[in-house]
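To start, the structure under review is shown below, and the notes come after it.
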Amino acid sequence: MRIYNIVSLLLPSASWAFLNAVENNSSLTIFNERLVASVSKSKGYVNKLTLDGQNLLGTEDGSTGVGPYLDCYCIPSGFWTPGRGSNVTYNLYQGTDSTGTKYGGISMGETYAPTGQRLEQYWFLREGETGLHTFSRVAYYNKTTPFLRNLQELRTMFRPNHDPPLFTHFVTNEKFAAPRPDTEGEIVVQDATWYLPNKDDPYVTGVGDYFTKYTFQDTWRDHKAHGMWADGSGSTNGTTYGAWLVHNTVETYFGGPLHSDLVVDGIVYNYISSNHHGDQTPNITDGFDRTFGPQYYHFNTGGSLDELRQDAEQYGHKPEWNAKFYDSIAKHVPNLVTSSARGTFKAKIDLPKGAKNAIAVLAQNKVDYQDNVYDTKAYQYWGNIDNNGEVTIPRVKADKYRLTIHADGVFGDYTEDDIVITPSKNTSIHSKWTAESSGTELWRIGVPDKSSGEYRHGYAPSPTHPLLTEEYRMYWAHYDFVDEFPEGVMFRVGKDDAATALNYVHWSVFGGYANYERPTPVYDNINNWTILFDTTAHQLIGKKTATFTVQLAGAKTAAGNTDIYNASEPYSNLPYTVNINGADLAPWVIPYHHSSSCAVRSAVICYNIAHKFSFDAGMLKAGGNTIVLSLPYNATDYESAVLPQSVYVQYDALRLEVE
């Protein structure tokens, strides 16, 4: 078995010293001793990619057997793939960077004539490396029509087409990977979701009866790399191969560390912008000009799945890696921010007691980082805070930022605006985060960690399918709420275990459209969840105000993941009601622009929101108390795609306090 260790994959040697870039009438090609990449002049995509002579793309057929290539959902009619028109521009680059390493590059650009928006794609290859450094640019200058539309999707895709398949396994991260499913005879059960009839298929026995691209999604916070692995059964010499998209930088994505998206399903995606799980996307307006990247498509060979994944992950969340190279090619890539325009952020944070897994986020100033799409010049950064409360974030673009800190076990966030990053300087702060409090805590349910993963069918591994390391990844309808909670949810504080007694989704109605296992909807004992708890007279003496905090990891209103208000939908803005001992509090109306498409797309972390219900502490009584959490009865929406119509919420954590 041929295994390349980290050193041999990275370091140039004399035998590799012939990187070249060439052009003919039909293509532009960059290559070194090991990797060859060629871009078609008639299609604008990579249609030849080989590693050590192995064809990584297979047979070109339409939009398969190609990539990485760029496309978007960004023109008035929807999708557009640049590079196939009559006025496409190409450039070929070749040079030596400041480290003395040779490089070659290709760019493709096309302007969409009806609107004037322009998309460009860049691919670069360095001597001694086996991967492509990629950048994608969107530009729009049109004063006549200053608002075009939203940048609903922008992505690059590596999309091989071998028969039989070269790549045999899909890999999300270090926790989750699965063999390619046998899709013969598959039955559509939901948008991009299929029932698999072959019960002997290793995917079915390992993961479950359903396959969907959403099963392999991931959250960006700690995501380093994803891709596909070939076990050698389809390669020319029986050798294993890997194809990976590496998050070496995250600064030009949107939505911060809570953003999640598709990563692999037979295609290796770089999802640059999307609203799959309900996050905001930027508007394309006059003057929009943003270059996304760098991201790195890495190709390797000769190791196990874990070995090749780890080889790719070594570059993940490493903005310093190849920084001098990126400085050297900034003359070729518009908007690429060089080291001279960057500074370093350092912080010492006095964290609240009990804070775990704390993170510091720098993003658009004076805006919730989940909404950091309004200023398209603003970038985003984050870093994990160590046990001493210290964090360093290098290579931050000079600008003014909001600092946001959150941690597992602590309700709420810490925010501080107007953090100024100065070029070539260190910005150091010392801040104290005092946890929010509304008095004495009587109890809490769940862990405030921005997710609904601690509840039933969340992060728990499947007891029956050994590869399904987190149950929430499976098609949601496989977990039949009616069977599991026939009398509805009734949770006894201090007695019941939230991991089994509370579902990871609170539905309004269960079954019906897009539910393959329960096609007839059930309405009763679904929308109301009951919490039972005891208080003592001593706990309530002298208390005037009670506060019930609801933190949600996601909520789906009738707006779905569109962030568009539809007056014909009664639940575009969703009323969520809390009843205390028989008395309703004023409802929390969850706005349409905070809606997510979360659990139904295999996620437990989406657009996080929270609300505090304050009420007279006299509504509580010594002894037994009841809180009922209610969604409207049979609250549904129209779905143009095959997706469940029920509204729903996913709880992060709940807390009751008195003062």
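The values are calculated or read from the model by the stated rules, or taken from the named source; none is laboratory data. Since the structure is predicted, the reported quantities are computational estimates derived from the model, not experimental observations. Quick reminder, even Gly has a Cβ in these numbers, built from the backbone with ideal geometry, and neighbours come from all protein chains shown.
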Count, please, the residues in region 406-427 that happen to be among the β-branched types (Val, Ile, Thr), crowded, with 16+ Cβ neighbours inside 10 Å and either at positive phi or not in a strand (DSSP E or B) (or both). 1
Neighbours by Cβ (under 9 Å, 6+ apart or cross-chain): first from region 578-590, in the same structural domain as PHE548 (by TED's automatic domain parsing) and among the charged types (D, E, K, R); second assigned to a strand (DSSP E or B) and surrounded by 12 or more Cβ atoms within 10 Å (Cβ to Cβ): ASP584/THR577; ASP584/VAL578; ASP584/VAL628; ASP584/SER630
What do you reckon, is ASP534 in a strand (DSSP E or B), of a type in the set (Asp, Glu) and over 29 Å from the mean Cα position of the chain (by Cα)? yes
Evaluate the following for VAL658: is it touching a Lys or Arg at 6+ places or on another chain (Cβ under 9 Å) and surrounded by fewer than 23 Cβ atoms within 10 Å (Cβ to Cβ)? yes
In region 17-27, which residues are assigned to a loop (DSSP other than H, G, I, E, B) and either of a type in the set (S, T, N, Q) or buried (at least 18 other Cβ atoms within 10 Å of the Cβ) (or both)? LEU19, ASN24, ASN25, SER26
Would you be able to say whether some residue in region 341-349 is more than 27 Å from SER431 (Cα to Cα) and touching a Phe, Trp or Tyr at 6+ places or on another chain (Cβ under 9 Å)? no
Filtering region 214-225 down to residues that are polar (S, T, N, Q) and under 14 Å from PHE170 (Cβ atoms), which residue is surrounded by the fewest Cβ atoms within 10 Å (Cβ to Cβ)? GLN217
Single match in TYR326, TYR296, TYR315 (criterion: touching a residue at least 12 places away in the same chain (Cβ under 8 Å) and either in a loop (DSSP other than H, G, I, E, B) or of a type in the set (Lys, Arg) (or both)): TYR315
If you take the residues of region 566-590 that are exposed (fewer than 15 other Cβ atoms within 10 Å of the Cβ) and in contact with a helix residue (DSSP H, G or I) (Cβ under 8 Å, 6 or more places away or on another chain), which of them is nearest to LEU631 (Cα to Cα)? ALA583
Would you check if there is a residue in region 324-339 being of a type in the set (Ser, Thr, Tyr), more than 16 Å from the chain's Cα centre (by Cα) and within 21 Å of LEU35 (Cβ to Cβ)? yes
Are any of the residues in region 281-301 out of contact with any Phe, Trp or Tyr (no Cβ under 8 Å at 6 or more places or on another chain) and farther than 30 Å from TYR241 by Cα? yes
All-but-one check, SER431 against (1) assigned to a loop (DSSP other than H, G, I, E, B); (2) among the polar types (S, T, N, Q); (3) touching a Lys or Arg at 6+ places or on another chain (Cβ under 9 Å), failing number (1)
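Residues checked against (1) surrounded by 20 or more Cβ atoms within 10 Å (Cβ to Cβ); (2) part of a loop (DSSP other than H, G, I, E, B); (3) within 20 Å of the chain's Cα centre (by Cα):
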site: GLN121; (1), (2), (3): yes, no, no
site: PHE124; (1), (2), (3): yes, no, no
site: GLY128; (1), (2), (3): no, yes, no
site: THR134; (1), (2), (3): yes, no, yes
site: LYS143; (1), (2), (3): no, yes, no
site: LEU154; (1), (2), (3): yes, no, yes
site: PHE158; (1), (2), (3): yes, no, yes
site: LEU166; (1), (2), (3): yes, yes, no
site: ASN173; (1), (2), (3): no, yes, yes
Is it the case that region 28-45 has a residue that's in a loop (DSSP other than H, G, I, E, B) and at positive phi? yes
Scan region 105-117 and give yes if some residue there is in contact with a His (Cβ under 6 Å, 6 or more places away or on another chain), in contact (Cβ under 8 Å) with a residue 12 or more places away in the chain, among the hydrophobic types (A, V, I, L, M, F, W, C) and buried (at least 18 other Cβ atoms within 10 Å of the Cβ), otherwise no. no
Among the residues listed as GLY53, GLY85, the single one being touching a residue at least 24 places away in the same chain (Cβ under 8 Å), touching a Phe, Trp or Tyr at 6+ places or on another chain (Cβ under 9 Å) and surrounded by fewer than 16 Cβ atoms within 10 Å (Cβ to Cβ): GLY85
Kindly list, by first and then second residue, each pair from a residue in region 202-227 that is over 18 Å from GLY255 (Cα atoms) to a residue that is in a loop (DSSP other than H, G, I, E, B) and among the β-branched types (Val, Ile, Thr), limited to pairs with Cβ atoms under 6 Å and residues at least 6 apart or on different chains. PHE216/THR172; PHE216/VAL263; HIS226/THR172; HIS226/VAL263
Considering every residue within region 268-285, establish whether at least one is touching a residue at least 60 places away in the same chain (Cβ under 8 Å), among the acidic types (Asp, Glu) and more than 18 Å from LEU154 (Cβ to Cβ). no
Somewhere in region 471-491, is a residue out of contact with any strand residue (DSSP E or B) (no Cβ under 9 Å at 6 or more places or on another chain), within 20 Å of VAL189 (Cβ to Cβ) and aromatic (Phe, Trp, Tyr)? yes
Among the listed residues VAL264, VAL246, VAL268, identify the single one that is outside the structural domain of LYS450 (by TED's automatic domain parsing), under 23 Å from TRP476 (Cα atoms) and out of contact with any Asp or Glu (no Cβ under 6 Å at 6 or more places or on another chain). VAL264
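Residue by residue, here is whether (1) part of a helix (DSSP H, G or I); (2) assigned by TED's automatic domain parsing to the domain that holds LEU258; (3) of a type in the set (Val, Ile, Thr); (4) in contact with an Asp or Glu (Cβ under 6 Å, 6 or more places away or on another chain) holds:
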site	(1), (2), (3), (4)
VAL447	no, no, yes, yes
SER452	no, no, no, no
GLY458	no, no, no, no
PRO466	no, no, no, no
THR469	no, no, yes, no
TYR472	yes, no, no, no
VAL482	yes, no, yes, no
MET490	no, no, no, no
GLY494	no, no, no, no
Being buried (at least 21 other Cβ atoms within 10 Å of the Cβ) and of a type in the set (Val, Ile, Thr) is the filter here; which residues of region 190-213 pass it? THR193, VAL207, THR212
Criterion: more than 27 Å from LYS224 (Cβ to Cβ), in contact (Cβ under 8 Å) with a residue 40 or more places away in the chain and surrounded by 15 or more Cβ atoms within 10 Å (Cβ to Cβ) - qualifying residue of LEU403, LEU442: LEU442
